[in-house]
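Before any comments, here is the structure.
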Amino acid sequence: MRPLPPLLIGATLLLAGCSDRERANPFDPLNPTTGGRPSGFMALAGNGEVRLFWDAATGDAFIGFQLFRRDPGETSYHAITGVLSRMTTSFRDAPLANGSDYAYRLHFVFTTGPGTLAAEDVARPGTTLPWMIESGGTELLRLTPDNRRISERRAGFGSTADVAANPRNGDVWVADEGNGRVVIYQTGSGVTVSVPGFQLPTAVGVDPSNTTGWVCDASRGRVYHVQRDGQVFAASIGPLLQPVDAAVDPFTGYVWICEFAGGRVRLHDDIGVLQWTCAVAGPSRVAVDSVTHEGWVTSFEHGIVTRISPAGQVLGSFPSFVAPLGVAVDATRGRIWIADPYAGRVIALDRDGQEEFRLTGLTDAGELSVDAATGDAWVVLGSTGSVVRISPAGTILRSQGGFRYPFAISVDPGGR
């Protein structure tokens with residue numbers, strides 16, 4: 001082939017340059033980043049509302065944005081705003097009905113009218129406030145009630161180990177191992193209280209009856225009682241052999257403690273006085289049934305779930321697990337949820353320990369929490385980097401991925 005004359009080479013490069021510039025145009029359907037649609041569009045569900053966000057844009061003949069919505073049961077979209085300015089990047093849509101999907105479209109608007117292409121998203125408002133941490137993470141994350149998005153991020157942690165939300169007032173407690181402290185985020189006021197002085201805070205059990213918390217310090221072998229303003233009660237529980245979890249009966253204020261290396265579960269009253277101990281091999285996690293006041297205890301190393309009476313007697317031992325870890329009680333519906341990570345499953349039991357249903361294929365399903373209002377179970381799948389929301393009937397409602405290693409979750413039903 002003969003080489004192109006210099007003039008033709010210049011013309012070819014000029015045309016290529018024009019093509020590149022066109023493809024860099026955010027309004028171009030062939031733009032590899034935007035596809036000709038507004039970028040960064042997301043719909044974040046909240047209580048009776050949806051907050052919408054997107055990126056600003058500029059360009060010739062471009063004058064702004066316009067939002068459209070399709071309501072539950074409808075087949076077409078209708079405008080919910082006029083033309084918004086080019087620099088507008090958010091909109092709050094309220095009031096909306098909780099528990100229903102709303103579909104949104106965001107269009108560019110030009111001097112000739114709305115563009116034909118739109119960015120789309122869907123959100124389902126609700127009262128649920130799911131709080132999640134990652135293993136050794138530096139943030140506290142709040143997910144949207146429909147488990148589609150991250151609604152809030154709070155940074156500044158050294159290495160997170162546990163999270164517990166108080167359903168009475170919305171306080172969120174975080175065990176921050178990396179900084180040797182517990183952080184109490186008072187969501188109602190936005191105040192954050194830092195409680196230093198711990199060595200290895202591994203778990204927190206919150207008391208809805210008086211808004212305090214019980215903090216397990218596994219390294220020191222003690223459990224401390226902490227007020228929401230950060231004051232620590234003088235009397236602590238210990239010495240113990242590796243306390244790894246605590247749960248509080250919301251009616252009595254009594255605290256159940258898993259003493260892992262001691263091979264026992266302990267019950268202490270609301271001022272820390274020991275009531276009894278019960279032998280359980282390697283207790284890992286405990287949850288309390290607020291109706292029967294019974295405790296349900298998992299033993300990860302021994303593959304057993306144990307049911308214990310309020311008086312400290314073993315009422316049942318259930319060995320048909322591989323390595324059970326997370327446990328949560330839905331007292332309203334009489335259901336006990338168990339996460340069995342090595343088996344990749346979640347099993348639901350009734351109060352007698354009879355299996356109601358199981359969900360398989362949930363690789364590394366470690367910790368879980370139940371929404372007391374809806375009965376939904378929220379499960380973290382560590383190695384797959386996802387959070388799964390399961391209905392009371394045992395149906396997976398939605399899975400959200402993209403996390404580094406979700407480690408613990410606590411659901412506040414909200415609606416206060």
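Projected label points at Leu200 and Glu74, each 7 Å from Cα along the beta carbon direction, are separated by 5.7 nanometres. Relative contact order, whole percent, for the stretch 42-123 stands at 36, derived from Cα pairs under 8 Å and 6 or more residues apart. Across the stretch 129-412, Cα pairs under 8 Å and at least six residues apart give a relative contact order of 12 percent.
Indicate the gyration tensor shape class of the stretch 331-416 (rounded, prolate or oblate), computed on the Cα atoms with a ≥ b ≥ c the square roots of the eigenvalues: a/c under 1.5 is rounded; otherwise a/b larger than b/c is prolate and the rest oblate.
oblate
Ignoring everything except DSSP H segments at least 4 long, calculate the 222 nm mean residue ellipticity for the chain; use -39,500 (n - 2.57) per segment, divide by total residues, nearest 500.
-1500 deg cm²/dmol
Each Lys or Arg adds one and each Asp or Glu takes one away; over the other residues whose Cβ falls under 12 Å from the Cβ of Thr277, this sums to +1. For a label point 7 Å from the Cα of Gln275 along Cα→C-beta, name the residues of the stretch 237-256 whose backbone N is under 14 Å from it. Correct set: 247-256. Relative to the longest principal Cα axis of the chain, at what angle does helix 6-24 sit, 0 to 90 degrees, rounded to 10? In the chain, helix 6-24 runs at an angle near 40 degrees to the longest axis.
Among 385-391, 85-91, the peptide with the highest mean count of other Cβ atoms within 10 Å heads the list, and the full ranking is 385-391, 85-91. Under a 5 Å amide H cut-off, with hydrogens placed 1.01 Å from N, Leu96 pairs with Glu49 among residues at least 5 apart or on other chains. Ranked by the mean number of other Cβ atoms within 10 Å per residue, highest first, peptides 165-177, 196-208 order as 165-177, 196-208. Computing Cα extents along the principal axes in Å directly from the structure and comparing it against (1) 73, 46, 41; (2) 83, 53, 39; (3) 91, 52, 43 singles out (3).
Among 258-269, 361-372, the peptide with the highest mean count of other Cβ atoms within 10 Å heads the list, and the full ranking is 361-372, 258-269.
Averaging sequence separations of C-alpha pairs under 8 Å and six or more residues apart, then dividing by the length of the stretch 95-176, give the relative contact order as a whole percent.
In percent, rounded to a whole number, it is 20.
So for the stretch 152-279, considering every pair of alpha-carbon atoms, how many percent are separated by more than 23 Å? Beyond 23 Å sits 24 percent of the P(r) for the stretch 152-279.
Placing a label point 7 Å from the Cα of Phe357 along the Cα-to-Cβ direction, the residues of the stretch 379-399 whose backbone N falls under 14 Å from that point are 389-398.
Each value in this text was obtained by applying a stated rule to the coordinates, not by laboratory testing. Computed from a predicted model, the values in this text were never measured in an experiment. Cβ: placed from backbone, ideal geometry, glycine included. Neighbour counts: every protein chain shown.
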